[in-house]
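Below: the structure, in structure tokens.
Please treat every number below as a calculation from the coordinates, not as lab data. Because the structure is predicted, anything quoted here is derived from the model rather than measured. Cβ coordinates were reconstructed from backbone atoms using ideal geometry, including for glycine residues, and neighbour counts include every protein chain displayed.
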Amino acid sequence: CTGKHMELDDWCFCPVSGMPALFSAYVKYVVSESLKADTTEVTHIKVGEGVDGRSALSETKVYALDPVCAKEVSSEDIKKIPHSEALEYIRKYNTFVDDKAV
């Protein structure tokens, strides 16, 4: 919901809706909303590498409401995806044909 263009090196999927999102912006949003709601004491937030090579938030688990679906999302569930997955999503999106629209 930033209005910014998606960048391959900053791509994730919303764990609630499955929609693509900018990883860095989504992380900032969840941390910011969590602090506003005072749902956790966040003293140190950093982005690190996940077990499978994907980036993920580490140190402190925070919660916020997803900006699109208004359902709870955890910082732990937001994972940066590799370029190959983002490119595959773009390829499928660009070749989608709606049979009902014809």
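Please compute the length gained on full extension between LYS92 and SER32, using 0.36 nm multiplied by the number of residues separating them and subtracting their Cα-Cα distance.
Difference between extended and current length: 18.3 nm.
When the dipole is taken about the Cα centre of region 59-101, and only Lys, Arg (+1) and Asp, Glu (-1) are charged at their Cβ, what size is it in debye, to the nearest 20?
Computed about the Cα centre, the dipole is about 100 debye.
With the cut-off at 23 Å, tell me which of the pairs LYS79/LYS100; LYS4/LYS28; LYS80/LYS100; LYS4/LYS79; LYS71/LYS92 have Cα atoms farther apart than that.
LYS79/LYS100; LYS80/LYS100; LYS71/LYS92
So how do 18-27, 86-95 stack up, highest first, on mean other-Cβ count within 10 Å?
18-27, 86-95
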